[in-house]
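Report on one structure; see the data block that follows.
The values are calculated or read from the model by the stated rules, or taken from the named source; none is laboratory data. This structure is a prediction, so every number in the text was calculated from the model and none was measured. Methodologically, a virtual Cβ is constructed for each residue, glycine included, from the backbone with ideal geometry; neighbour enumeration extends over all protein chains shown.
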Amino acid sequence: MTFKCDTPLSDLPETSRIQIRCTKCKSMRQTTPRDLMRVGRFSAHLKLAQLEDAFECDRAACRSPVTFTSFGGLNAVSA
């Protein structure tokens, strides 16, 4: 198992930064666990790997899969 497979969203500090990068166009965006839980679309118990699978590039012309490149002060993680 990896960090992303074992860690639920609720285990991250609410103010940590989640950096999301498109695998195709390399567009990047940032959010926080608190913002994701506040939207109500994601359960606090959702594992980070499942969360990553639920995301896609927010550019309308792309909509490709994304990867989380870092979580706050933690090093980049990969599945």
Residues in segment 31-54 that are farther than 16 Å from K4 by Cβ and either among the basic types (K, R) or loosely packed, with under 12 Cβ neighbours inside 10 Å (or both) total 5
Note on D58: of the conditions (1) in contact with a strand residue (DSSP E or B) (Cβ under 7 Å, 6 or more places away or on another chain); (2) surrounded by 13 or more Cβ atoms within 10 Å (Cβ to Cβ); (3) at pLDDT 85 or above, unmet is (2)
Only one of K47, K26 is at pLDDT 80 or above and in contact with a strand residue (DSSP E or B) (Cβ under 9 Å, 6 or more places away or on another chain), namely K47
